[in-house]
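Colleague: Structure in structure tokens, see below.
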Amino acid sequence: MQLSNEQLQTYHDLGYLLVQNCFSEAEIDRMRTELRTIYAQETPRKIIEGNENQIRTVLGVHTENEIFRRCSHHACIVKPIMKILGSQVYIHQSQINPKVAWQNDVWIWHQDYVFFKTEDGIPTPQLVIALVFLYEVNEFNGPLMLIPGSHKEGIVSVLNPVTDSETDESEEEWLRHIKTNQTYHVDRETVEKLINQYGIVAPKGKAGSVLFMHPNCVHGSNSNMSPFDRTLLVIKYNSVKNLPIPVENPRPEFQASRNYTPIEPLSDEVLLV
């Protein structure tokens, strides 16, 4: 798939682009079959949260699962991102975000780049986030909400205060970056100001759609109170011209890859062979 000039301009203007029907029903079914195995694994890459031991996210899936590795190298994702960034790319991070039916799983308003910059040493926001819809995303099942155009404001995130009840000295610091009360957030006053200026959208689409998003785009999602699962494969690509500067106490490799090998896009049939 190649982006048209109009699609490219939409991405740069709004900070996101939704492309429908990137993956076929057969390809989506192939990826869904892998989820049960991934969820069953006992690994620090699987983050559990909540009283019901809900899976919040599973990190580094492209390094541990062959099908998701192929998807992360698929031409229908990689080629558009290379066009957006004007360079080859590598995968900085990948994860499965399950928002299972009836579960209260919230991602507060935030930007991704502030984590990449402060925690991983990535110097500029020359990244693109690809969100693959493994199930239909509709208005009922906790769709991603984002503020179109907010990427033009740069980093507007602030540190999230930590209460004594949330302090756990045995917990590794990197875990807080992905828990509900994550390290950085966009405060209420800023969110209201941005929405008044730019509006708010919740991109929706069938399974197989891909949402391309700028890492400074302010976004979040509510709980899923519906009977419909909403699971996303999230892959975060960085330009090979934007390699990280070494930082103290780097995050684990499954959360911030140190493999900067440029991706060679794979063929359209790669998920079905």
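The values are calculated or read from the model by the stated rules, or taken from the named source; none is laboratory data. Everything numeric in this text was worked out from a predicted model, so none of it was measured. Positions of Cβ are backbone-derived with ideal geometry, glycine not excepted, and every protein chain shown enters the neighbour counts. Side chains included, ligands, DNA and RNA excluded: accessible areas come from the protein's heavy atoms. Shrake-Rupley method; radii C 1.70, N 1.55, O 1.52, S 1.80 Å.
Colleague: Filter the range 11-27 down to residues that are over 18 Å from the mean Cα position of the chain (by Cα) and closer than 19 Å to S94 by Cα, then give me how many there are.
Modeller: Residues flagged as over 18 Å from the mean Cα position of the chain (by Cα) and closer than 19 Å to S94 by Cα within the range 11-27 amount to 1.
Yes/no matrix, rows are residues, columns are (1) at pLDDT 95 or above; (2) among the polar types (S, T, N, Q); (3) touching a helix residue (DSSP H, G or I) at 6+ places or on another chain (Cβ under 8 Å); (4) more than 30 Å from D187 (Cβ to Cβ):
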{"site": "R36", "(1), (2), (3), (4)": "no, no, no, yes"}
{"site": "V61", "(1), (2), (3), (4)": "yes, no, yes, yes"}
{"site": "V89", "(1), (2), (3), (4)": "yes, no, yes, yes"}
{"site": "D112", "(1), (2), (3), (4)": "yes, no, no, no"}
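Colleague: How about the range 55-117: which helices (runs of 4 or more DSSP H) wholly inside it have at least 2 residues that are open to solvent by less than 10 Å² (accessible area, probe 1.4 Å)? So that I can check it myself, show each step before the final result.
Modeller: Details: elements: 61-64, 66-72, 75-85.
Here the list reads 66-72, 75-85.
Colleague: Among the residues of the range 1-31, which ones are in a helix (DSSP H, G or I), open to solvent by 70 Å² or more (accessible area, probe 1.4 Å) and closer than 19 Å to I84 by Cβ?
Modeller: Residues of the range 1-31 that are in a helix (DSSP H, G or I), as a first pass: 5-14, 25-31.
Those still in the list that are open to solvent by 70 Å² or more (accessible area, probe 1.4 Å) too: 5-6, 9, 12, 25, 30.
Across the range 1-31, the qualifying residues are N5, E6, Q9, H12.
Colleague: Another question about this same structure. For the range 181-273, give me every one of the strands (runs of 3 or more DSSP E) that falls completely inside it and has 3 or more residues that are in contact (Cβ under 8 Å) with a residue 40 or more places away in the chain and polar (S, T, N, Q). Steps first, please.
Modeller: On the way: elements: 210-213, 219-221, 230-239.
It comes to 230-239.
Colleague: Yes or no: I47 part of a strand (DSSP E or B), in contact (Cβ under 8 Å) with a residue 40 or more places away in the chain and surrounded by 15 or more Cβ atoms within 10 Å (Cβ to Cβ)?
Modeller: Details: part of a strand (DSSP E or B): yes; in contact (Cβ under 8 Å) with a residue 40 or more places away in the chain: yes; surrounded by 15 or more Cβ atoms within 10 Å (Cβ to Cβ): yes.
Yes: the conditions hold for I47.
Colleague: Across the range 145-160, which residue is surrounded by the most Cβ atoms within 10 Å (Cβ to Cβ) among those that are at negative phi and assigned to a loop (DSSP other than H, G, I, E, B)? Please lay out each step first, then the result.
Modeller: Keep residues of the range 145-160 that are at negative phi, which gives 145-148, 150-153, 155-160.
Next, only the ones that are assigned to a loop (DSSP other than H, G, I, E, B) stay: 147-148, 155-157, 160.
Values: I147: 27, P148: 20, I155: 15, V156: 18, S157: 24, N160: 18.
Only one residue fits best here, namely I147.
Colleague: Over 30 Å from I67 (Cβ atoms), crowded, with 18+ Cβ neighbours inside 10 Å and at pLDDT below 95, is that true of T163? Break it down into steps so the answer makes sense when it comes.
Modeller: Numbers: over 30 Å from I67 (Cβ atoms): yes; crowded, with 18+ Cβ neighbours inside 10 Å: no; at pLDDT below 95: yes.
Criteria not met by T163.
Colleague: Now a separate question. Could you list, in sequence order, the residues of the range 122-144 that are open to solvent by less than 10 Å² (accessible area, probe 1.4 Å) and part of a loop (DSSP other than H, G, I, E, B)?
Modeller: Answer for the range 122-144, where residues must be open to solvent by less than 10 Å² (accessible area, probe 1.4 Å) and part of a loop (DSSP other than H, G, I, E, B): I122, L134, N141, G142.
Colleague: Among what's in the range 235-273 and is open to solvent by less than 10 Å² (accessible area, probe 1.4 Å) and among the aliphatic types (A, V, I, L, M), pick the residue that is farthest from the chain's Cα centre (by Cα).
Modeller: Among those that are open to solvent by less than 10 Å² (accessible area, probe 1.4 Å) and among the aliphatic types (A, V, I, L, M), it is L271.
Colleague: Further question on the same structure: Hey, M225 hits all of (1) in contact with a Ser or Thr (Cβ under 8 Å, 6 or more places away or on another chain); (2) within 30 Å of E25 (Cα to Cα) but one; which does it fall short on?
Modeller: (1)
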